[in-house]
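What follows is calculated from the coordinates using simple rules that are stated; it is not laboratory data. Just so it is clear, the structure is predicted and the values come from calculations on it, not from any experiment. We place every Cβ from the backbone using ideal geometry, glycine too, and count neighbours over all the protein chains shown.
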Amino acid sequence: MERMGNVIVDETHYPGEDLYSDGAVEDRILELVQSHAEEEFPKVVARERDWAVMYHLAHERENILSWYPFAPGAKVLEVGSGCGAVTGAVASGAKSVTCIDLSKRRSMVNAVRHKESSNITIRLGNFQDVEKDLDRDFDYATLIGVFEYGQGYIGGDKPYHGFLTKVMEHIRPGGRLLLAIENKFGLKYWAGCREDHVGAYFEGLEGYQHTKGVRTFTLPGLCRIIKDCGYDDYKIYYPYPDYKFPYVIYSNERLPRQGELNRNICNFDRDRLVLMDEGKVYDEILKDGLFPLYANSFFVEITKPQTEGIQNAGAIAVDKQADMAGQEDMQPESVIYTKYSSGRSRQFSIQTRIVRAADGKNILYKKAEYPEGQQHIDHIAEAGRRLAGLWQERGQFFVNRCAPADGRVEFEYLQGITVEEELDSLLAQGKAQEAADMLRKAVMRVRASAETEGFYMTPGFLEVFGEAQVPAGMPSFAVADVDLIFSNLLLTEDGRCHVLDYEWTFFFPVPVDYIVFRALHYYLQSAAVRAEFGRQFDFYGEFGLTPERQETFAQMERRFQSYVAGGSISPGSLYHSMGKPAVPLGELLSETERRRAQVYLDYGQGFSEEDSYFIETGRGKDVCYTVSIPGQAVGVTVDPALSACLLKDVSLMWTGEDGGEIAPVCYKTNGYQAGKDSFLFDNSDPKIIIEEMIPQSRRIKVSYRINILEGETVDLLLGELGAKGRDKKKIRRLIKG
C-alpha cells in the first residue's frame, strides 16, 4: 500500500511489470498531470497535439458518465480505470471508488490527477486476480471501453459471458453495471473508418477474421450476451459521435432527429476513408427507425435483480443488508437524453437533459457543469420571464416556459416540428417556393416579435460583440434573444410558434437585422441543399442585408463565439490541426488510378493500348509487383504511374517460376536521373523500357518507392536537380510536399 496524496494505491496483485502501454507518451502524460491543474488540461491537449494525450486528458472523456444519475454516496467499482479519464466523474458524488487496472504507470497518472480525492483506491493487477479480494456489495460497476477485452481478462470458451457474470457477482442486488463499447456495425465503419482497436478496414464488419483478443458486438449480439447471463433489466443508450468524446447521449425514448447527426469526421487516432456522406445516410437510417443498429457506440445500464439475494452474506452486516434493500430504486431520475455544450468557457458550460418523471411525463432542464455556471443558469430563468412579457403583446412567439428548481432551470416539454425541420421537408419534396414563403414568414415573425428602439453602444454590447460598426439608431431589441434560429422555433398543433431556447438573451440593445442574419446564416450555410436554396432566392438581399452589413454582422458573430468560448478548447475545434487525413472516395479513386502501373506488350507490331494490362499498386509508397510476359511477346514496357512522379530505389529482376532471382533487367527510362536508381518523370506518361529479353524467364519483379507529384513541385525539382551543388534538404522537402 502507498499513498499518492489522498489516493490509496494497492500493489498486492501487481505482477511487477506493466503488460500493456502506449509507450513513452505515458511518461509525458504523468509529467503533464504533475505540473498542471485539471482545468488547464484543455490548453495542454491543444499544445501537445498528441492523440494519446487527448485521449487520456481531454475533459470530454468524462461526458460518457458525468450525465449519469449516480445515487449520492454510492460505492463504485471501476474496472479498467487507466489514466483516470472518467474516474473523476465517478468519484465526484460517490462515497468510495475502487479502481482496477493492470498498468502501474497509468494508475500513477490517475492517482496524481485525483490526489485531492480521499474516496479513491486503485488496485493494481489483472481483474481475475484482484476480484477474489473484492467486496460483493458495490452499488455500481463500470466497464468503459473495457468489455471488448474480456478474452484477455477472463479467457475460456465464452470469455464475454464469463467477464460479465464475474463483474456482476460484485454488485449488490438492485445495483447496476454500466458498460460502454463500440458497435461492431457502427456506421462509421461502413463509411470508411478503421476498426478502433486493430486499425484495419472492415475488420469488425467481416467478423474479426484476422484478430484475436478483442471483440465488439452488434446490438443484437450484445443484448444476447446480457440475456444469456440471466439479465433482462437493461437499458441501451447511444453516445454520439461515440463513447470516447460524446456530446450527445440518446436513448430509445429520445432518438436522433433528421439533421442532428452532422459531426461525423472526427478521426484523431488514424486516417480514414470517406466513402459516403454519413449525415445523409443517418437521415435515411432514421427515416426507417434503424438508428440503434448503426449507432457508433453503446452505453448499457444493466440492473441486477433484487431476488438474487446478497452473496457472501456472512461478510456483510445485517444492518447493511437492510440498508441496501431500501435502495431498490436508488436512481434519482431516469435520463433519456443529454446534450453537452462543448467548447464553452466554464461559466457557460451546461448540460441539457430530458428526464422521465415518476408520473411518466418528460421534463427538460438545463444545469451548470461547473459552479461558475450557476449565474448563467439563473440568467436563463430571468430571460424567460422578461421575454414572455414582451412577446405576449405581439403574439408572434410564445416562450417555452421555465422555472428555477434545485439549482437548475426546468422547461415545458413541448411536442411539435421545428421551422428548420419543416423547411428541410419542403426542400426534400422539391417545394422550394413553399419553403421560401415559410422562411419569409419566420423572418417576419422575428422582426415583428417585439417593439424596437434605436441602437446605441453599451458596455455589455462591447464585451460580447466588440467594437462592431453598427450605425446608431438601427432598429434593435432592448431585450434581445439572438438565438432565434430556425431550429429553435417550434410549431405546435395549436398553430403557435414557441421559442425552445433563449439561453443567449441580452439585456441591452442588439440590432434586429443581426438576429435575422444569424437565422439565415445558420440555416443556409449548414448543408449543400440549403446553400443551393439560398442561391435560388437571394434572402440576404431581400431582407436588406447588404454585403457590407453582412460583414459587420459576421464580425459580431465571430466576437460573440469568442466570448462564449472564453479561451476554452474542445477536441472538435482541434481537428484542423490534429485530425488525421480523411480521404474522400472520389479523391481515393483518382489517386489510385494515377498510381496504377500499366504493362505494354509488343507482339511484333509495336506497343498498343489493346495489348496492355493494369497492375493495382495500392496507396503505399513502397511498391512491389511481378510483370508476367506471355510467350509470344517480343518486348515489354512498364508505365509505373499515370502521373508525374519520382521513383527511388528502382529495381527490376528477372525471376523464375518459384520467385527466385535470375538476373538484373537491362532497362532505360524517359525520366531524369535523380540519383542512384532514382528517376524524376515530369509528365503523365512515365516509362520503364525493357531493352532486351532473356530466354530463361518470362517474369520480372519490379520494386521502387514512389511519390506522385504535382506540376509546381515537378518544376521546382527539375530546377534543383539541374542546379550546381544540389540542396538535398530542399529536394526532400519538395518530395514530401
Here the net charge surrounding GLY466, from other residues whose Cβ is less than 10 Å away from its Cβ (Lys, Arg +1; Asp, Glu -1), is 0
Neighbourhood net charge (13 Å Cβ-Cβ; Lys/Arg +1, Asp/Glu -1) for GLY259: -4
Once all Cα-Cα distances of the stretch 502-653 are split into 10 Å bins that start at 0, what whole-number percent is in each one? 8, 21, 18, 13, 13, 14, 10, 4, 1
Please say if the stretch 1-109 is rounded, prolate or oblate, where rounded means a/c under 1.5 for a ≥ b ≥ c the square roots of the C-alpha gyration tensor eigenvalues, and otherwise the choice is prolate for a/b larger than b/c and oblate otherwise? oblate
Strictly over 28 Å apart at the Cα level, which of LYS104/LYS580; LYS43/LYS621; LYS304/LYS366; LYS75/LYS244; LYS132/LYS158; LYS43/LYS212 would you flag in this model? LYS104/LYS580; LYS43/LYS621; LYS304/LYS366; LYS43/LYS212
For the chain, what size does the Cα cloud have along each of its three principal axes, sorted from largest down, in whole Å? 92, 78, 50
If you count, for each residue, the other Cβ atoms within 10 Å and average over each peptide, how do 8-18, 65-75 line up from highest to lowest? 65-75, 8-18
Please arrange LYS104, LYS668 by counting, for each residue, the other beta carbons lying within 10 Å of its beta carbon, fewest first. LYS668, LYS104
So for the stretch 41-88, using the alpha carbon gyration tensor with a ≥ b ≥ c as root eigenvalues (a/c under 1.5 gives rounded; past that, a/b versus b/c decides prolate or oblate), I'd call it prolate
The rounded separation in angstrom of the Cα centers of the stretch 251-270 and the stretch 630-660 is 47
Looks like the stretch 86-131, by Cα gyration tensor root eigenvalues a ≥ b ≥ c and the a/c under 1.5 rounded cutoff (else prolate when a/b is bigger than b/c, oblate otherwise), is oblate
Tally the DSSP beta bridges in the chain and give the antiparallel ones as a percent, rounded to 5. 75
Regarding the stretch 337-412, what whole-number volume in Å³ per residue does the convex hull of its Cα atoms give? 108
Using the 10 angstrom Cβ neighbour count as an exposure proxy, how do MET1, MET108 rank, fewest first? MET1, MET108
Packing rank of 177-183, 590-596, 76-82, where each peptide gets the mean count of other beta carbons within 10 Å, highest leading: 76-82, 177-183, 590-596
Sorted from largest to smallest, which semi-axis lengths in Å does the alpha carbon gyration tensor of the stretch 378-432 give for its equivalent ellipsoid, taking the root of 5 times each eigenvalue? 30, 15, 8
